[in-house]
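Chemist: This is the structure I want to talk about, given as structure tokens.
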Amino acid sequence: MSVEKLIYFDNAATTFPKPEEVYRKVDHIMRNVGANPGRSGHRMALEANRIILDARDSIARLFNIEDSSKIVFTSNTTEALNIGIKGFLRPGDHAITSSMEHNSVVRPLKALEKTGVESTRVKCSSEGILDPEDVRAAIRPRTRLIAITHASNVTGSINPIREIGAFAREKGIVFLLDAAQTAGMLPIDVERDNIDMLACPGHKGLFGLQGTGFLYISPSVRLEPIKDGGTGGNSEMDTMPDTLPERFEAGTMNTPGIGGLGEGVEFVLKEGVDKIRHHEANLTDRLIKGLAEIKGVTVYGPGDANRQMAVVAFNITGKDPSDIGFVLDSSFGIMARVGLHCAPDAHRTIGTFPQGTVRLSPGYFNTMEEVDFVVDAVRKICSI
């Protein structure tokens, strides 16, 4: 079957399309700037450096970060989380996380077990939601870090981060937030929400390119770098400098990607997070209700657009998620994600391990008509 129009419902992986401003910015940098930032004094290098600084400032405005130099650019959220986790925890330390985490939190903590770091995975509800009191109960005398996802990449379920951040601050425990599924789509304020470290992707709700992300590090948090190399400045030293962001930005910066990310953040600031959230919640509500009416379909998670992001996981009785995803693509032109979504613990929590689920994740540029088309496609697959 030939499909003329493609419908992209995989925005939880990477948003597509990007705002036109992002494409134009990246093209401009590639064609007209080209030089490395912070490495030379000529005009092209200075312009590249200005692009990096502007992107930091835009991010700082969006997340209410007082000092933009505390924003470290990374290649993705995974790298940001690795810096935050491996750069902070030491032998004998204890960390708390949840049963809905992505492998980008689970695997660094598991790797640190070999060094004597211990961690507790707090069990979430079958809807994928974390109870703050369960987190509080898991605190030990040597607990130094709470690393939690803001919203699940499997069910979209939103965690009560402000409450968790408040008692983490009260106990003197560092709070690391994985905002992969919420940055740009849900209001985040590092001061109000008591966030000590914030890990974000550039390529999802901030509408930047793949291969971009960042980590905000509070002035009160001291991390060791996990990567060493050239920083442009302080070249006389044979160790990484203490100053941020240079301490964690070894090597050549991704200027086109960061410039595109900065433009994506400006788009979010212009549109408004509340407007983006409202539209995506409406799409999610229609999608959940439409799927729930189909016989044989099981929808996982809260089932409430007010309690989850635009991430909807489902299965069809008697059908393998991979087969469903193949038919959605080949017969209907619908792009969806299937499997375990790099979060096997989350699937154990909601009862879908090891087969996984089909994940539909509409985005800001999707429409109600596309949601209806997707629901109708699932209905037809159920009848096959």
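The values are calculated or read from the model by the stated rules, or taken from the named source; none is laboratory data. This one's a predicted model, so the numbers in the text were calculated from it and none came from an experiment. All Cβ positions, glycine included, derive from the backbone under ideal geometry; neighbour counts span all protein chains shown.
Chemist: Residues being over 18 Å from the mean Cα position of the chain (by Cα), of a type in the set (V, I, T) and either surrounded by fewer than 20 Cβ atoms within 10 Å (Cβ to Cβ) or part of a loop (DSSP other than H, G, I, E, B) (or both): count how many of those fall in segment 308-321.
Modeler: Counting residues in segment 308-321 that are over 18 Å from the mean Cα position of the chain (by Cα), of a type in the set (V, I, T) and either surrounded by fewer than 20 Cβ atoms within 10 Å (Cβ to Cβ) or part of a loop (DSSP other than H, G, I, E, B) (or both) gives 1.
Chemist: Can you tell me which of D320, D345 is under 21 Å from H102 (Cα atoms) and among the charged types (D, E, K, R)?
Modeler: None of the other options fit; the residue is D345.
Chemist: In segment 16-55, how many residues are outside any helix (DSSP H, G or I) and surrounded by 13 or more Cβ atoms within 10 Å (Cβ to Cβ)?
Modeler: 10
Chemist: Which of the numbered conditions does P302 fail, given that it passes all the others? Conditions: (1) part of a loop (DSSP other than H, G, I, E, B); (2) within 30 Å of E266 (Cβ to Cβ); (3) in contact with a strand residue (DSSP E or B) (Cβ under 7 Å, 6 or more places away or on another chain).
Modeler: All conditions pass for P302, except number (2).
Chemist: Tell me, yes or no, whether segment 322-332 has at least one residue that is part of a loop (DSSP other than H, G, I, E, B) and either in contact (Cβ under 8 Å) with a residue 40 or more places away in the chain or of a type outside the set (K, R) (or both).
Modeler: Within segment 322-332, not a single residue is part of a loop (DSSP other than H, G, I, E, B) and either in contact (Cβ under 8 Å) with a residue 40 or more places away in the chain or of a type outside the set (K, R) (or both).
Chemist: Only one residue in E113, E118 is touching a strand residue (DSSP E or B) at 6+ places or on another chain (Cβ under 8 Å) and free of Cβ contacts under 8 Å to residues at least 12 places away in the same chain. Which one?
Modeler: E113
Chemist: I'm checking my understanding of the structure. Among residues of segment 340-367 that are within 18 Å of the chain's Cα centre (by Cα) and among the small types (G, A, S), which one is surrounded by the most Cβ atoms within 10 Å (Cβ to Cβ)?
Modeler: A346
Chemist: Would you say V117 is farther than 18 Å from L223 by Cα and either within 17 Å of the chain's Cα centre (by Cα) or β-branched (V, I, T) (or both)?
Modeler: No: the conditions fail for V117.
Chemist: If a residue counts only when it is closer than 30 Å to E266 by Cβ and among the basic types (K, R), which helices (runs of 4 or more DSSP H) contained entirely in segment 103-207 have at least 1 such residues?
Modeler: 161-171
Chemist: Mind counting the residues in segment 258-299 that are within 20 Å of D10 (Cβ to Cβ), touching a residue at least 24 places away in the same chain (Cβ under 8 Å) and of a type outside the set (A, V, I, L, M, F, W, C)?
Modeler: Total meeting the criteria: 9.
Chemist: Looking only at segment 58-75, count how many residues are closer than 16 Å to I188 by Cα and either of a type in the set (F, W, Y) or in a helix (DSSP H, G or I) (or both).
Modeler: Of the residues in that region, 7 qualify.
Chemist: Could you tell me whether A12 is among the aliphatic types (A, V, I, L, M), outside any loop (DSSP other than H, G, I, E, B) and either crowded, with 20+ Cβ neighbours inside 10 Å or not assigned by TED's automatic domain parsing to the domain that holds E280 (or both)?
Modeler: Considered against the rule, which asks whether it is among the aliphatic types (A, V, I, L, M), outside any loop (DSSP other than H, G, I, E, B) and either crowded, with 20+ Cβ neighbours inside 10 Å or not assigned by TED's automatic domain parsing to the domain that holds E280 (or both), A12 comes out as no.
Chemist: What are the residue pairs meeting all of these: first residue in segment 78-103, first residue modelled with pLDDT under 95, second residue part of a strand (DSSP E or B), Cβ atoms under 6 Å, and 6 or more apart or on different chains?
Modeler: If the second residue must be part of a strand (DSSP E or B), no pairs are left.
Chemist: Determine whether T284 is polar (S, T, N, Q) and not assigned by TED's automatic domain parsing to the domain that holds E369.
Modeler: no
Chemist: How about segment 330-372: which of its residues are under 22 Å from L283 (Cβ atoms) and β-branched (V, I, T)?
Modeler: Those that are under 22 Å from L283 (Cβ atoms) and β-branched (V, I, T): I334, V338, I350, T357, V358, T367, V371.
Chemist: Filter segment 227-249 down to the residues that are under 27 Å from R31 (Cβ atoms) and of a type in the set (G, A, S) and list them by number.
Modeler: G230, G232
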